[in-house]
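Okay, structure first, notes after.
The values are calculated or read from the model by the stated rules, or taken from the named source; none is laboratory data. Everything numeric here is computed off the predicted structure, so don't read it as measured data. FYI the Cβ positions are ideal-geometry reconstructions off the backbone, even for glycines, and counts take in every protein chain you see. All accessible areas refer to the heavy atoms of the entire protein, side chains included, with ligands and DNA or RNA removed. Shrake-Rupley method; radii C 1.70, N 1.55, O 1.52, S 1.80 Å.
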Amino acid sequence: MPNMNTYQDAFSWFKTVRFSRLWNALLLKGSFHLSKKAKRPIHWGFPMSISIEPTTSCNLRCPECPSGLRAFSRPTGMLTLSHFKTLVHAFGPRLWSINFYFQGEPFLNKELLPMIREAANRGIYTATSTNAHYLSEDVALKTVQSGLHRLIISLDGTSQETYEQYRIGGDLSKVIDGTRRLIAAKKIAKSRTPHIIFQFLVVRPNEHQTQDALALAKTLGVDEVRFKTAQVYDYENGNPLIPDNPKYARYRKNADGRWILKNKLENHCWRMWQGCVVTWDGAIVPCCFDKDAQHKLGSLGTENLKTIWKGKSYQAFRAAILNDRSEIEICKNCSEGTKVWA
């Protein structure tokens, strides 16, 4: 359930309201609803929200993550501050929020915080996600001072034995210590931001610790806890990561014993209208489920945003969504509508 800290985060979002952003959002929403009715892509406006990838590198080896598995076919690299400035300029004054995360561990990029500061100085709402292994006292204070609005910390277990079953190579004590340093840094800076969220990816090995996660968050002074359903790639015949509690499962077992996605795939997707993902090297992909950038719709290194956003490739992808979303591979495991908040 939302609490006062959640409302504070919402207030941070509304503080970034500008007329150009609000008008753009209305254009996007209007054209999205018209498209659903017309069954063809009608698109007004430009991206209001994007995810930018600071890096594809990661220190952990989580079993259902291509970064952890080192399984990318696309190049591995780091987004530079100068390249970021070029990217954010391309999106213009209508851009409302940036999530500094796609694949990899963002804090491995030494220029992450200057990038966040650059966006925050433009009045853009900023967020990122981390495994919290690199939050030293200095980094914690600089994170608070960067103007970051929201920080998601992956918890995924309240004991080392449970935590490392999914976060392979991880150290839970570093997560807890990093969280403490962030909260202390907020007090030192007398800042209400970033809004700190414990995100608990619920899998069978850790589902017995959901209440412990809530208790730990309260003890530390974390603002919010979110329980998230886990994506697994091989689920049709069952998977040891699928929780026993159906509340936390993205899948359900059919009468024939095979597992299917619990969430019904509607032939529309708001994400295809309101924003996109930008890889570290400037490729535009439709959403965060295209982890290996298989549906590359353009590149900001060689094309301008309008050409990509209004172009034939993007419109063809939107048309495919409206026609039959179940035929698109990256949509088959979509978590839309299957997140559980504490």
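Residues of the range 44-75 that are surrounded by 15 or more Cβ atoms within 10 Å (Cβ to Cβ), at pLDDT below 95 and more than 19 Å from the chain's Cα centre (by Cα): R74 alone. What residue, among those in the range 165-208 that are in a helix (DSSP H, G or I) and at pLDDT below 95, is surrounded by the most Cβ atoms within 10 Å (Cβ to Cβ)? Among residues in the range 165-208 that are in a helix (DSSP H, G or I) and at pLDDT below 95, the one surrounded by the most Cβ atoms within 10 Å (Cβ to Cβ) is Y166. In the range 103-119, the qualifying residues are those that are open to solvent by 20 Å² or more (accessible area, probe 1.4 Å) and not in a helix (DSSP H, G or I), and the one that is farthest from L26 (Cα to Cα) is K110. Against the numbered list (1) modelled with pLDDT of 95 or more; (2) over 19 Å from T307 (Cα atoms), L95 comes up short only at (2).
Of the residues in the range 120-133, not one is within 22 Å of K190 (Cβ to Cβ), open to solvent by less than 10 Å² (accessible area, probe 1.4 Å) and in contact with an Asp or Glu (Cβ under 8 Å, 6 or more places away or on another chain). Reported count of residues in the range 286-313, each being at negative phi and free of Cβ contacts under 8 Å to residues at least 40 places away in the same chain, is 13.
Just need a number here: residues in the range 218-262 that are β-branched (V, I, T), without any contact (Cβ under 8 Å) to a residue 40 or more places away in the chain and under 23 Å from R150 (Cα atoms). Matching residues across the range 218-262 total 1.
Where in the range 227-342 are there strands (runs of 3 or more DSSP E), lying fully within it, with 1 or more residues that are over 30 Å from H89 (Cα atoms)? Lay out the reasoning, then the answer.
Working: elements: 251-253, 259-261, 275-278, 283-285.
Answer list for the range 227-342: 251-253, 259-261.
Restricted to the range 134-151, and to residues there that are among the hydrophobic types (A, V, I, L, M, F, W, C) and open to solvent by 30 Å² or more (accessible area, probe 1.4 Å), the residue that is farthest from the chain's Cα centre (by Cα) is L141. Does Q274 satisfy being buried (at least 16 other Cβ atoms within 10 Å of the Cβ), under 30 Å from S173 (Cα atoms) and touching a residue at least 12 places away in the same chain (Cβ under 8 Å)? Here the answer is no, as Q274 does not meet what is asked. Beta carbons closer than 8 Å, at least 6 apart along the sequence or on distinct chains, pair a first residue in the range 202-217 that is farther than 17 Å from V175 by Cβ with a second that is surrounded by fewer than 18 Cβ atoms within 10 Å (Cβ to Cβ) for R204/P240; R204/D244; E207/D244; E207/N245. Residues that are of a type in the set (K, R) and more than 30 Å from E137 (Cα to Cα) occur at least once in the range 227-249. Looking across the range 76-102, just one residue is more than 24 Å from F14 (Cα to Cα), open to solvent by 10 Å² or more (accessible area, probe 1.4 Å) and within 18 Å of the chain's Cα centre (by Cα), and that is M78. Taken together, N237, N333, N267 contain a single residue that is over 25 Å from E53 (Cα atoms) and modelled with pLDDT under 90, which is N237.
Can you tell me which residues in the range 226-262 are open to solvent by less than 30 Å² (accessible area, probe 1.4 Å) and of a type in the set (D, E, K, R)? Within the range 226-262, just R250 meets the criteria. Of all the criteria given as (1) assigned to a loop (DSSP other than H, G, I, E, B); (2) closer than 25 Å to L300 by Cβ, the one not satisfied by K85 is (1). Checking T56, T86, T6, T76 one by one, the residue that is hydroxyl-bearing (S, T, Y) and touching an Asp or Glu at 6+ places or on another chain (Cβ under 7 Å) is T6 and no other.
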